[in-house]
Amino acid sequence: MINGVPVQEHYRDASHQFASAKEGIWLFMATEILMFGGLFVGYLIFHMKYPEMFAEGAQFLDWRLGFINTLVLIFSSLTMALGIYFCQINQPKKAVGALAVTILCGAIFMVIKYFEYTHKFHMGIFPGRMLDLEMLNHHLHEMGKPAIVSTNLGMYFGFYFCMSGLHGIHVILGMCMISWCLYRCMRGDFNPNYYTAVEGVGIFWHIIDLVWIFLFPLLYLVG
Amino acid sequence: MAHAAHGSNYLNAEKGLWSWLTSLDHKRIGILYFISVMSFFLLGGIAALLLRGELFAYNAVDALGKTTGQLLPSADAYNQILTYHGAIMVFMVIIPGIPAILGNIFLPLQIGAKDVAFPKLNLASWYCLMAGASLAMFTMFSTKVDTGWTFYTPYSIKSGTAVTTMVLAAFITGMSSILTGLNFIVTVHKLRCPGMTMWRMPLFVWALYSTAIIQVLATPILAITLLLLAMERTFGVGIFDPKLGGDPVLFQHFFWFYSHPAVYIMILPAMGVISELITTFSKKTIFGYTAIAYSSLGIAAVSFFVWGHHMFVSGQSEFAGIVFSFLTMLVGVPTAIKMFNWVATMYKGSIEFASPMLFALGFLFLFAIGGVTGIMLAVIPVDVHFHDTYFVVAHFHYVMVGGTLMAIMGGFYYWFPKMFGKMYSEFWARMSWVFIFVGFNVTFFPQFILGAMGMPRRYFNYIPAYEPLNRISTMGSWLIAIGFLMALYTIINGLISGAKAPKNPWGSKTLEWEADSPPSVHNFDHEPVVTAGPYEYK
């Protein structure tokens, strides 16, 4: 313990430890971006190959829901940043509030995603070869819309479910980690000299937010 | 010698299995890796002996319909054992081998740090490896997998075997690799002791640092590739499935975008070990320190742009093939820089042929063959002929076994006194070298010839013309096995009845030799202050 900060013995002081932790988090973020990068590259290749099919798939996504989710996540990034700020100026109660709002935003995002997913399952939209074209065309017929033209529409939804699914898993993980920060904040672990966990989880949350900002136009607006 | 006075060191500071399984000490975690990786090596080795045993004789069906020359119950069994040999050796032995064992123990010691940057993460990465390995073992022994370690689509999608769990196991071991790499990068950046500038770091640290960069930047691509393969198998997402307009070759691109850099994850740390061994046992300052350090970074950088040489015959464009061929040959430049610098270091040095040095010389000899055949395979017309033959098998075994495994053995013998505070029997160590070195060449040199004759790899049987060379090759594998048993005996014998090791038995100049043998829990009694480069032999 140095000035009320738990410093591990292989570090000189709290700022040394903080800088190391932050570098570690950023390196981990690089791996996260690269992992999503694989999906983005796949998307790029097949979008170039089948632009019409991707456009046809995107019309089944409600851009308004995606837009609301984008706003929710951007707002949650603000509250996450506020959570760190309140730790820095030693106002843990406000920090708890800001983190709670962040978790709530994550929950709203996931609830909206849940409704989007179940609606698609209801329409017969599943990833890849599980896509039920008959059921989907039946629904389209009932709505008075033309039947599906693309023969490989399943691939678009393969991308849709993989990309938004992997992102959703990260949102849930982020919510868990913010809850852990919230608990520690309520316990009084954090002060202006020590708030590493909140900072690190904050970086994670912003990156996840950023990934969504790329996913939204690629998946919803591509038509 | 404050600690030696009351005999407390990292090995005996705490007692009991639990203290080991929860230890955050980088040296103890290194020992945990040592035990687990050696166990995996034993399993992978047994698989290799079974494969070679099957190939010992041509399987014929005689007039009575009886099969002769067959060792394994079926061709399917051969495919499975082949998969296990590859997956175990790649994901659980050679990738974690040097960084996680020797790197964990000696990276902090060599830069004068008390520990790695994130000790808890370090332990977590060992548990990741164990979790991945357990899942893989469970899959292997309860069901079966027959895709080979590369999991190529479309077969890996169609195969009725437990590909998904095996792929998830590889995903988890990948996590372990990422966490180790991340830890090492931050450790090198943040925890060097006073005076230890980047350009005073031992070359082993430079090699681990370059490796760590690849681990962090390449492994996530493997992660997403394996996840997509798992998704493809469970939900048929279509990305690798031609029926939905997907592309099986895209899997190869994704896979090798990780797995080619991964072969440098395997070889770079080995090169770092060799730099330490050559300079120590030549009693001479390393020749071209800066060039060797930069060439590690150079190999790491080029490694990301050569993956296409695995797909010369997979239908990529001719232009892409030419570019990849050129870039692949480029790897030869930084590699040759290292080779020439090592040879120049030995020139006019007072060379001591201790067992670690024998392994280092073995490395130079075998890795030169492995490297030059790599350049041959980078030439497209040659590769079209050799692709998927035993020539390729021989090439990468010369690099991975003749290179990395020789370095692992040399490194073990070199640092054994520091790790355990005991000396081993030099005679048995040298004997193990003789058997491993000779056995290796007897096993794999004939495979170059077999490959040039056209013998395809991964097959259960072959035509009678290939039999004599296959017999020689299999007999060589027995010699290797004897060599490793001798090495095991050397280690156990050294642990039980070895003489007490002095602080610095080899007269090395790097920092780890200033710690006690074995080091205390905090590595050094006082924080070291470095005033000179790592290899200033007078």
Completion exercise
Ranking B:408, B:427, B:481 by how far each Cα lies towards the positive end of the charge dipole of the protein assembly as shown (+1 on Lys and Arg Cβ, -1 on Asp and Glu Cβ), the top one is B:427
Exercise for the section: Set Lys and Arg Cβ to +1 and Asp and Glu Cβ to -1, take the dipole of the stretch B:29-514 about its Cα centre, and tell me which of B:384, B:332, B:221 lies farthest positive. Expected result: B:332
Exercise for the section: Name the helices (complete DSSP H segments) of chain A with a Cα length along the long axis of 20 Å or more and a Kyte-Doolittle mean of at least 0.5, or state none. Expected result: A:14-49, A:63-88, A:92-123, A:153-187, A:196-220
Problem - Nearest-20 debye value, the protein assembly as shown charge dipole, Cβ charges on Lys, Arg, Asp, Glu - result: 1260 debye
Handout entry: Given charges at beta-carbon only (K, R positive; D, E negative), |dipole| of chain A in Debye
Key = 360 debye
Completion exercise
Averaged over residues of A:142-153, the number of beta carbons from other chains lying within 10 Å of each residue's Cβ is 1
Completion exercise
The exposure ranking of B:197, B:510, B:180, B:285, fewest beta-carbon neighbours within 10 Å first, is B:197, B:285, B:510, B:180
Handout entry: Residue-averaged 222 nm ellipticity for the protein assembly as shown, from DSSP H runs of 4+ at -39500 (n - 2.57), nearest 500
Key = -23500 deg cm²/dmol
Problem - Local net charge near residue B:393, Cβ-Cβ under 9 Å (Lys/Arg +1, Asp/Glu -1) - result: +2
Problem - Rounded to the nearest 20 debye, dipole of the stretch B:29-514 from Cβ charges on Lys, Arg, Asp, Glu - result: 1220 debye
Completion exercise
Taking every residue of A:7-19, the Cβ atoms of other protein chains inside 10 Å of its Cβ average out to 3
Problem - Candidate lysines for bridging to residue B:348, where Cα separation is under 22 Å - those fewer than 8 sequence places away on the same chain excluded - result: B:283, B:284, B:338, B:509, B:538
Practice task
Would you be so kind as to identify all helices of chain B, as entire DSSP H runs, whose Cα atoms reach 15 Å or more along the helix's own axis and whose mean Kyte-Doolittle hydropathy is at least 1.6?
Solution key: B:203-235, B:355-378
Handout entry: Ranking of B:231, B:266, B:423, A:155 by count of other Cβ atoms within 10 Å, fewest first
Key = B:423, B:231, B:266, A:155
Exercise for the section: Within a 10 angstrom radius of each residue's Cβ in B:112-120, how many Cβ atoms of other chains show up on average? Whole number is fine. Expected result: 3
Completion exercise
Here chain B gives, from Cα atoms, an Rg and Dmax in Å of 23.0, 79
Handout entry: Reciprocal of mean inverse Cα separation for the protein assembly as shown (Kirkwood radius, Å)
Key = 28.0 Å
Completion exercise
Least to most buried among A:171, B:323, by other C-beta atoms within 10 Å and fewest first, runs B:323, A:171
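None of the figures in this text is laboratory data; all of them are computed from the coordinates on show. Not measured: the values here are computed from a predicted model. Glycine also receives a Cβ, built like all others from the backbone with ideal geometry; neighbour counts cover every protein chain displayed.
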